[in-house]
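This report concerns only the one structure given below.
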Amino acid sequence: MNGDEYALDTPLLREFVAGVRAAIAEADSPEVACDAIRPRFAELLADDEWLPARFRESAAEGGMGGGIGTWLLFRAGDGSLSLVSLVVPPGAQTPIHDHLAWGLVGLYRGTQDEDVYAERDGGFELVERRALGPGDFYALLPPRDDIHRVRTTSAETSVSIHLLTNDIGCIWRHTFDAESGERSPFRSGYVNSDCGAPD
Ligand SMILES: [Fe+2]
């Protein structure tokens, strides 16, 4: 892919992405970059206006199943950064999955439970459960806390915002079966954009 793609092209989003890129360029580790990005990410989650209704809709054909939609908002032409909204209908949950890149994930609408898993003895064990409300967010810093599952606990559809340092909808990652430890190749895709030809 050539050049950046703004599926949602607004001055606010361009300013957000520029700020994130500056923070990453100045940081000497993902931890430091995450801390530097936190204030502007919190601002985005607190802003009621910037995300149009179409990016908050569930998707019958989404790659996560269960009507879950992964909407592209922005991705870098070199695959180094993406911003997406993940829409999970009431009662639906994602498969257990990984991300393979560091970033920040926060809740924008609704409430979710997040189950964090760790690989143990050939299987995957639930190591933490977090309840999230609007404005709550967390850092993904693989390999720590990279494997999780999220479930909407509100009567309304939940919308979470993911800022990740890869092209999260298009990279091949994994889903996991907690009991057998089986991992399967997985690509979520985007509701509103293609992944292009395979590498
Ligand atoms: Fe996730």
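The values are calculated or read from the model by the stated rules, or taken from the named source; none is laboratory data. What you see is a predicted model; the values in this text were computed from it and never measured. For neighbour counting, all protein chains shown are included, and Cβ atoms are generated from backbone atoms with ideal geometry for every residue, glycine included. Side chains included, ligands, DNA and RNA excluded: accessible areas come from the protein's heavy atoms. Shrake-Rupley method; radii C 1.70, N 1.55, O 1.52, S 1.80 Å.
Does the chain come out rounded, prolate or oblate, given a ≥ b ≥ c as the square roots of the eigenvalues of its C-alpha gyration tensor, rounded meaning a/c under 1.5 and, failing that, prolate meaning a/b above b/c?
Taking the square roots of the gyration eigenvalues as a ≥ b ≥ c, the chain is rounded.
Compute the distance in nm between two label points, each set 7 Å from the Cα along the Cα-to-Cβ direction, one at residue 18 and one at residue 113.
So the label points at residue 18 and residue 113 sit 4.3 nm apart.
Using the Cα centre of the chain as the reference point, and only Cβ charges (+1 on K/R, -1 on D/E), how large is the resulting charge dipole? Debye, rounded to the nearest 20.
Magnitude of the dipole: close to 280 debye.
Quick one: with all protein chains in place, what share of the accessible area of region 92-199 is carbon or sulfur, to the nearest percent (1.4 Å probe)?
Reported share for carbon and sulfur atoms: 47 percent.
Using just the helices of the chain, give the 222 nm mean residue ellipticity in deg cm²/dmol: DSSP H runs with n ≥ 4 each add -39,500 (n - 2.57), and the total is spread over all residues, rounded to 500.
Details: 2 runs with 33 residues, N = 199.
When only DSSP H runs of four or more count, the value is -5500 deg cm²/dmol.
Ordering 50, 172 by accessible area with a probe of 1.4 Å, largest first, what comes out?
Reading off the accessible areas and sorting them downward yields 172, 50.
Quick check: net charge around residue 74, other residues with Cβ under 12 Å of its Cβ, Lys/Arg +1 and Asp/Glu -1?
For residues surrounding residue 74, the net value is -2.
What ranking of 179, 125, 15 comes out by heavy-atom accessible area, probe 1.4 Å, highest first?
179, 15, 125
With all protein chains present, calculate the accessible area of residue 58 using a 1.4 Å probe and round the result to the nearest 10 Å².
That residue has around 70 Å² of solvent-accessible surface.
Quick check: pseudo-label points 7 Å beyond the Cα along Cα→Cβ at residue 178 and residue 154, how many nm apart are they?
2.4
Might you report the magnitude of the Cβ-based charge dipole of region 1-78 about its Cα centre, with Lys and Arg at +1 and Asp and Glu at -1, to the nearest 20 debye?
With Lys and Arg at +1 and Asp and Glu at -1, about 160 debye.
Which value, in Å² and to the nearest 10, is the accessible area of residue 174 when all protein chains are kept and the probe is 1.4 Å?
That residue has around 50 Å² of solvent-accessible surface.
With every protein chain left in place and a probe of 1.4 Å, what is the accessible surface of residue 195, to the nearest 10 Å²?
It works out to around 40 Å².
How big is the dipole moment of region 92-199 about its Cα centre under a simple scheme where the beta carbon of each Lys and Arg is +1, that of each Asp and Glu is -1, and everything else is neutral? Debye, nearest 20, please. Display every interim value, and only then the final one.
Working: 10 positive and 18 negative charges, 52 e Å.
Taking the Cα centre of region 92-199 as origin, the dipole is about 260 debye.
Given the Cα-Cα distance of residue 127 and residue 48 and 0.36 nm per residue of separation, how much length would full extension add, in nm? Before the final figure, lay out each step's value.
Working: separation 79, 0.36 × 79 = 28.44 nm, distance 3.29 nm.
This chain segment gains 25.1 nm when fully extended.
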